[in-house]
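Participant: Here it is, the structure in full.
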Amino acid sequence: MSDFTAYALSQVLRRQEIAAEGAEPVEEDACGIVDIDRLGFRVGALFIILATSLIGTLFPVVAKRVPVLRRHVPGVVFEFAKFFGSGIILATGFIHLLEPATDALGEGNTIEAGGCISDGWAEYPYAFGICLTSIFVTFVIEMVAFRLGNKHLKKLGISMDPHSGHGDAENSGHVHGHAGDGADALTKDNVSDEKDAKYADSLDGFRDSSEQLPAGAQLMGVAMLEFGVIFHSLIIGLTLALTGADEFNILFIVIIFHQMFEGLGLGSRLAFLQLPSAWNWIPFFGAVLYSIMTPVGMAIGLGARSSISMSSGNASVAAGVLDAISAGVLIFTALVELIAHEFLFNKTYHECSWAKLSFALVSFLAGAVIMALLGKWA
């Protein structure tokens, strides 16, 4: 019998003894059962995280897509939120996903090193390999989706060509012509009242550069981003629900800010989607879906708290694999969909003033730095 099998068997027998005695789980070691105390507070934390996630994610969506509010928010605020959120997504992929995946699947977490997983995991950098595979699979999925979805979406008046919108005024007008109230098509020539005029003026120099991308391309990029962050949020919820009493308070506070900032990054992308009127519900649905995933993870963890621990071997492997997959998705999305499309392939930032370019870059850097610093605690 291998050391890992013997260890796993001993843990099963220990859990059976605890269940038979009717005792509460107690914290034993890195791979043992973790004490889940203060259940009422943990349930309350679930609703607090839900509320803060909704605030962070829905703020840019509501402010951008609700006409009454849209007229009172300067265009520079939307631009800051968008690029700040892009920096958050990039830092999340590297600091909050790839690094924890490396810890969970790395040599330091093997049984020989006093950790939880089989020593075989130390023979290869699996976290990086899974992340690389995830990046490639994400790329292939986008390519296949563009090929298969292009014809269908064209019938709905939505272009999938990621290059057709750049510098193509006719195509850009076509997209706006099919967009509902959520699309910001105000210009100085078509304003209806003084408030609209002031709003159009506020966008001068900060006109949404995402408008140059066709709606289908925007939708595909945001869909991949959403896919990555919901997996990450689910794991965060499980981890918080099952973490030990000593670490819970600090982790809870950090996760509040983490989810709010990450929600801001996702929400700013959802807010700028250019969609037909019939599809205006998608940004709101995406915001709510992201916001509930961490509470769902916490609910699962609390419901199964007597039988699982995020520090056990199987849970550690599962969390590491999911984190590595999500890291690949977010890294690809941040580098290709956000940085490349927003800056490198965007004529707006080839020809704009240095002040506007500097504002965008500093906003992006601020989001990345703040999210990276949060990685010190979670």
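Participant: Looking at ALA327, is it surrounded by 22 or more Cβ atoms within 10 Å (Cβ to Cβ) and out of contact with any Lys or Arg (no Cβ under 7 Å at 6 or more places or on another chain)?
Facilitator: yes
Participant: Something else about it: What tally of residues in the stretch 219-242 results from selecting those that are surrounded by fewer than 24 Cβ atoms within 10 Å (Cβ to Cβ), touching a Ser or Thr at 6+ places or on another chain (Cβ under 8 Å) and not hydrophobic (A, V, I, L, M, F, W, C)?
Facilitator: 1
Participant: Still on this model: Restricting to the stretch 111-125, give me the number of residues that are out of contact with any Gly (no Cβ under 8 Å at 6 or more places or on another chain) and of a type in the set (Ser, Thr, Tyr).
Facilitator: 1
Participant: Quick check on the stretch 72-87. Is at least one of its residues modelled with pLDDT of 90 or more and of a type in the set (Asp, Glu)?
Facilitator: No, the stretch 72-87 has no match at all.
Participant: Let me ask another. Looking at the stretch 69-92, can you tell me whether even one residue there is in contact with a Pro (Cβ under 9 Å, 6 or more places away or on another chain), β-branched (Val, Ile, Thr) and closer than 17 Å to VAL222 by Cβ?
Facilitator: Within the stretch 69-92, not a single residue is in contact with a Pro (Cβ under 9 Å, 6 or more places away or on another chain), β-branched (Val, Ile, Thr) and closer than 17 Å to VAL222 by Cβ.
Participant: Give the number of residues within the stretch 121-138 that are β-branched (Val, Ile, Thr) and farther than 17 Å from ALA319 by Cα. Write out each step before concluding.
Facilitator: Going residue by residue through the stretch 121-138, those that are β-branched (Val, Ile, Thr) are 130, 133, 135, 137-138.
Add one more test, that the residue is farther than 17 Å from ALA319 by Cα, and what stays is 135, 137-138.
Summing the residues that are β-branched (Val, Ile, Thr) and farther than 17 Å from ALA319 by Cα in the stretch 121-138 gives 3.
Participant: Pick out, from the stretch 261-378, the helices (runs of 4 or more DSSP H) lying fully within it that include 3 or more residues that are more than 20 Å from the chain's Cα centre (by Cα) and not hydrophobic (A, V, I, L, M, F, W, C).
Facilitator: Filter on the stretch 261-378 gives 313-332, 348-351.
Participant: Is it the case that some residue within the stretch 337-350 is surrounded by 16 or more Cβ atoms within 10 Å (Cβ to Cβ) and free of Cβ contacts under 8 Å to residues at least 60 places away in the same chain?
Facilitator: yes
The values are calculated or read from the model by the stated rules, or taken from the named source; none is laboratory data. Only a predicted model underlies this, so the values are computations on that prediction, with no experimental measurement involved. Positions of Cβ are backbone-derived with ideal geometry, glycine not excepted, and every protein chain shown enters the neighbour counts.
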